[in-house]
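The values are calculated or read from the model by the stated rules, or taken from the named source; none is laboratory data. What you see is a predicted model, and the numbers here were worked out from it, not measured in a lab. Ideal geometry is used to build each Cβ from the backbone, glycine not excepted, and the neighbour counts take in all protein chains shown.
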Amino acid sequence: MHTQASKKTIGNKNKQANVAIIGAGLAGLYSAYLLAQRNISVDVYEAKTSLGGRIMGVETQASDYLLDMGPSWIFPHQSQIQTLVAELGLTLKNQFAEGDALFQQHPSVPVRQISGVAPPDMYQIVGGTYSLIDALIKAIQKQQVGDCQINLANNSKVVNCKATDNEKVGGAGWELTIEKTSSGQKTKAISEYKQVIFAAPPRIIAPIVSSFLDKTKADGHSTFDGLEQTLRKTPTWMAAQAKFACEFVSASWRKRKLSGQAFSQAGPLVEIHDAGHDASSDEAPSVHALFGFVGLPAKQRLGLSEQQIVDACQAQMIKIFDIDKSECIQFHYQDWAKDEWVATAADQAEASQHPNIDLSKWQDQLDAINLYFACSEFSPIDAGYMEGAIVASQRAIAALVTR
Ligand SMILES: Cc1cc2nc3c(=O)[nH]c(=O)nc-3n(C[C@H](O)[C@H](O)[C@H](O)COP(=O)(O)OP(=O)(O)OC[C@H]3O[C@@H](n4cnc5c(N)ncnc54)[C@H](O)[C@@H]3O)c2cc1C
């Protein structure tokens, strides 16, 4: 897995940040990038050791390509993410789809070749989606000027968020409790902020948010009745998904005029696509790969060993595409339902659903207490997608800077 250095502090270390961001996925990092553009200091806290959240890339034979185990696709109408990709100097390419698709109805029935399956237009970031995270971190570093300090802290779980009346932050603000684990030892630290941006999925942050809702009533703020339930009801897009990918010595399917696209009613993979990468130099050779979505429900997967699942995925993939097992260089498997920072028990129990959250009832009160939500699931458009993470962040920062 691609990981970042444990802590990056950029700029003047003595400057107290007034803004905290909880979560360093696309939304958290993009929010930090927007704040850095406005010369506003911010501390970003990420629970995991790696940054990027659901955007995850695994190393391949090529030094310039990480294979996506999270999101891969950007759709033509998603203009905000496309603008960011271009702004950061990255390029898009079309999902490879030249040739016929394959259809597997049953393990005992021969695989059928289907012509004329036109997949929807989908773009991928050259180098893999994780290039976006790497580029955002570099851009944040570049944007530091003067007193502005952006502190990206991984292995830093925000476990509590409490309203405070503290002069240090100019009156009403927030006290965050941050937990770190080092050599098996947990340590807690407290930091105060004027404004807090939650850049993590609604269900994941619901326990932290619920811990201060009652207290805001006692402080005389407007009530937030129903907010916690709304957060808990909102599914996290793709939280219950698992992905399998395999790198091969050659793209033998392409030579046979196959697109790499396959659909299966037999499983465990239900949908397979080409995940190849073109060589850019001798040191960065081409990568020949396929990836697929696992169709077994999360609950069923939890009852199987990882070995059982990857063996079945690999056997199915090479059978469908008629590839010899010896052609497989390495495979990767990622079960997002097992990630405590992505999926809750509710996500594991449900089929994947598009999130649709409406906070309008509480929006004025949330703004009044300097709390903002930037994760993709909070977006009014393309919620759950990377586009949603960009739109939700833009809205959160626009509201924050007007206060
Ligand atoms: C398998 C899969 C395939 C996908 N395919 C696509 C696709 O093709 N196209 C597309 O547009 N989207 C796709 N998505 C969705 C896409 O990944 C998300 O829209 C996007 O990454 C969301 O970013 P985010 O920053 O809003 O949230 P997240 O990536 O979930 O980031 C939230 C971060 O907050 C951290 N966090 C949570 N709680 C705390 C806490 N208390 N303290 C500190 N840190 C905390 C988490 O660890 C995480 O890093 C896919 C997702 C998956 C899993």
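Would you be able to say whether some residue in the stretch 383-393 is surrounded by fewer than 16 Cβ atoms within 10 Å (Cβ to Cβ) and more than 20 Å from Pro207 (Cα to Cα)?
So far as the stretch 383-393 goes, no, none of its residues is surrounded by fewer than 16 Cβ atoms within 10 Å (Cβ to Cβ) and more than 20 Å from Pro207 (Cα to Cα).
For the stretch 104-165, please list each of the strands (runs of 3 or more DSSP E) lying entirely inside it that holds at least 2 residues being over 22 Å from the mean Cα position of the chain (by Cα) and more than 22 Å from Ala20 (Cβ to Cβ).
Here the list reads 112-114.
Tally the residues that are in contact with a Phe, Trp or Tyr (Cβ under 7 Å, 6 or more places away or on another chain) and part of a loop (DSSP other than H, G, I, E, B), restricting the search to the stretch 57-72.
Looking only at that region, the number is 0.
Conditions: (1) more than 16 Å from the ligand (Cβ to nearest atom); (2) outside the structural domain of Tyr193 (by TED's automatic domain parsing); (3) surrounded by fewer than 21 Cβ atoms within 10 Å (Cβ to Cβ). Ile40 meets all but one. Number of the miss?
Condition (2) is where Ile40 drops out.
From the list Ser393, Ser360, Ser376, exactly one residue is polar (S, T, N, Q), outside the structural domain of Phe244 (by TED's automatic domain parsing) and free of Cβ contacts under 8 Å to residues at least 60 places away in the same chain. Which is it?
Selected residue: Ser360, the only one of Ser393, Ser360, Ser376 that is polar (S, T, N, Q), outside the structural domain of Phe244 (by TED's automatic domain parsing) and free of Cβ contacts under 8 Å to residues at least 60 places away in the same chain.
Cβ-Cβ below 6 Å, separation at least six or inter-chain, first residue in the stretch 298-313 and among the aliphatic types (A, V, I, L, M), second assigned to a helix (DSSP H, G or I): which pairs?
Ala298/Ala337; Ala298/Gln348
Tally up the residues in the stretch 247-271 that are more than 14 Å from the ligand (Cβ to nearest atom) and under 21 Å from the mean Cα position of the chain (by Cα), please.
Qualifying residue count for the region: 0.
Can you name the number of the only condition in (1) in contact (Cβ under 8 Å) with a residue 12 or more places away in the chain; (2) closer than 29 Å to Leu400 by Cα; (3) of a type in the set (Ser, Thr, Tyr) that Thr91 fails?
Here Thr91 meets the rest and fails (2).
Test Ala315 against the stated conditions and say whether it is in the same structural domain as Val249 (by TED's automatic domain parsing), among the hydrophobic types (A, V, I, L, M, F, W, C) and closer than 21 Å to Gln241 by Cα. Walk me through it before giving the result.
Details: in the same structural domain as Val249 (by TED's automatic domain parsing): yes; among the hydrophobic types (A, V, I, L, M, F, W, C): yes; closer than 21 Å to Gln241 by Cα: yes.
Judged against the criteria, Ala315 is a match.
Test each condition in (1) surrounded by 18 or more Cβ atoms within 10 Å (Cβ to Cβ); (2) of a type outside the set (Phe, Trp, Tyr); (3) under 25 Å from the mean Cα position of the chain (by Cα); (4) in a helix (DSSP H, G or I) for Ala346 and report the one that comes out false.
The single condition Ala346 does not satisfy is (1).
Could you count how many residues in the stretch 232-245 are within 16 Å of the ligand (Cβ to nearest atom) and either free of Cβ contacts under 8 Å to residues at least 60 places away in the same chain or in contact with a strand residue (DSSP E or B) (Cβ under 6 Å, 6 or more places away or on another chain) (or both)? Walk me through how you get there before you give the answer.
Applying the first criterion (within 16 Å of the ligand (Cβ to nearest atom)) to the stretch 232-245 yields 232, 234-245.
Restricting the remaining residues to those that are either free of Cβ contacts under 8 Å to residues at least 60 places away in the same chain or in contact with a strand residue (DSSP E or B) (Cβ under 6 Å, 6 or more places away or on another chain) (or both) gives 242-245.
Looking only at that region, the number is 4.
Which residue out of Trp341, Trp362, Trp336 is away from the ligand (no atom under 14 Å from the Cβ) and of a type in the set (Phe, Trp, Tyr)? I'd like the intermediate steps shown before the answer.
Values: Trp341 fails: away from the ligand (no atom under 14 Å from the Cβ); Trp336 fails: away from the ligand (no atom under 14 Å from the Cβ).
Step by step, each of Trp341, Trp362, Trp336 is checked, and only Trp362 is away from the ligand (no atom under 14 Å from the Cβ) and of a type in the set (Phe, Trp, Tyr).
Of everything in the stretch 365-393, what is within 13 Å of the ligand (Cβ to nearest atom) and of a type in the set (Asp, Glu)? Give them in sequence order.
Those that are within 13 Å of the ligand (Cβ to nearest atom) and of a type in the set (Asp, Glu): Glu377, Asp382, Glu387.
I'd like to know if the stretch 319-330 contains one or more residues that are closer than 23 Å to Glu228 by Cβ and either surrounded by fewer than 16 Cβ atoms within 10 Å (Cβ to Cβ) or more than 16 Å from the ligand (Cβ to nearest atom) (or both).
no
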